[in-house]
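The values are calculated or read from the model by the stated rules, or taken from the named source; none is laboratory data. Source: prediction; values computed, not measured. Don't worry about glycine lacking a Cβ; one is built from the backbone with ideal geometry, like all the others, and counts go over all protein chains shown. SASA here: full protein model, heavy atoms, side chains in, ligands and nucleic acids out. Shrake-Rupley method; radii C 1.70, N 1.55, O 1.52, S 1.80 Å.
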Amino acid sequence: MEKEYRLRRKDDFARVYREGRSVANRELVLYYLPNEGVPHFRLGVSIGKKVGHAVLRNRLKRLVKEAVRHQRDYIKPGYDLVVIVRLGARQADFEQMVKSIRHLLKKGRLYLDQEKGT
């Protein structure tokens with residue numbers, strides 16, 4: 001994910017948690033908040049130590065970022081997104097992660113499938 005698509009500051013995460021809305025499924029929780037200050041979306045990924053050791057957590061973070069990158073053209077611009085990885089994602093492969101991300105985006109009405117023809 002390129003720098004301009006990243007959400008990194010603690011204050012930004014806190015604002016999305018505090019003021020944003022959320023949708024969830026078995027593997028992930030997605031918090032989202034409109035942000036007119038950016039022409040695209042920004043993504044932050046959070047994963048707790050309960051999920052597993054550092055190698056597993058980093059692998060899951062990479063999976064989530066790559067899954068979102070594959071859906072980048074279908075995500076509504078102007079939103080800050082925070083994805084929280086749950087225990088259910090431990091055995092997820094790439095295809096399951098993409099499916100889970102797409103499900104949450106559709107649930108939160110952030111998926112542009114009508115305009116893109118998918």
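Under 7 Å between Cβ atoms, at least 6 apart or on separate chains: pull out the pairs that start in region 99-110 with a residue that is without any contact (Cβ under 8 Å) to a residue 60 or more places away in the chain and over 12 Å from Ser22 (Cα atoms) and end on any residue that is of a type outside the set (S, T, N, Q) and open to solvent by 10 Å² or more (accessible area, probe 1.4 Å).
The qualifying pairs are Arg102/Tyr111.
Looking at region 54-72, I want the residues that are within 24 Å of Pro39 (Cα to Cα) and have a partner that is of a type in the set (D, E, K, R) with Cβ atoms under 7 Å, at least 6 apart or on another chain. Which pairs are those?
Gln71/Arg102
Report, ordered by the first and then the second residue, all pairs with beta carbons closer than 6 Å, sequence separation of six or more or different chains, a first member in region 23-40 that is over 14 Å from Gly108 (Cβ atoms), and a second member that is assigned to a loop (DSSP other than H, G, I, E, B) and among the basic types (Lys, Arg).
Glu27/Arg86
Could we say that Arg9 is in contact with a helix residue (DSSP H, G or I) (Cβ under 6 Å, 6 or more places away or on another chain) and farther than 19 Å from Tyr74 by Cα here?
no
Is it fair to say Leu87 is open to solvent by 50 Å² or more (accessible area, probe 1.4 Å), hydrophobic (A, V, I, L, M, F, W, C) and out of contact with any Phe, Trp or Tyr (no Cβ under 7 Å at 6 or more places or on another chain)?
Yes: the conditions hold for Leu87.
If I filter region 74-81 for residues that are assigned to a loop (DSSP other than H, G, I, E, B) and in contact (Cβ under 8 Å) with a residue 60 or more places away in the chain, do I get at least one hit?
No, region 74-81 contains no residue that is assigned to a loop (DSSP other than H, G, I, E, B) and in contact (Cβ under 8 Å) with a residue 60 or more places away in the chain.
Say whether the condition of being surrounded by fewer than 19 Cβ atoms within 10 Å (Cβ to Cβ) and assigned to a loop (DSSP other than H, G, I, E, B) is met by at least one residue in region 49-61.
There is at least one residue in region 49-61 that is surrounded by fewer than 19 Cβ atoms within 10 Å (Cβ to Cβ) and assigned to a loop (DSSP other than H, G, I, E, B).
Scan region 9-48 for residues that are over 14 Å from Lys61 (Cα atoms), of a type outside the set (Asp, Glu) and not in a strand (DSSP E or B) and report the count.
Looking only at that region, the number is 17.
Being in contact with a Pro (Cβ under 9 Å, 6 or more places away or on another chain) and over 18 Å from Asn25 (Cβ atoms), is that true of even one residue in region 59-73?
no
Considering only residues that are open to solvent by 20 Å² or more (accessible area, probe 1.4 Å) and not in a helix (DSSP H, G or I), look in region 90-110 and name the one that is nearest to Lys49 (Cα to Cα).
Across region 90-110, the extreme among qualifying residues is Arg90.
Residue under question is Ala67, and the condition is that it be over 17 Å from Phe13 (Cβ atoms) and either crowded, with 18+ Cβ neighbours inside 10 Å or aromatic (Phe, Trp, Tyr) (or both); does it hold?
Yes, satisfied.
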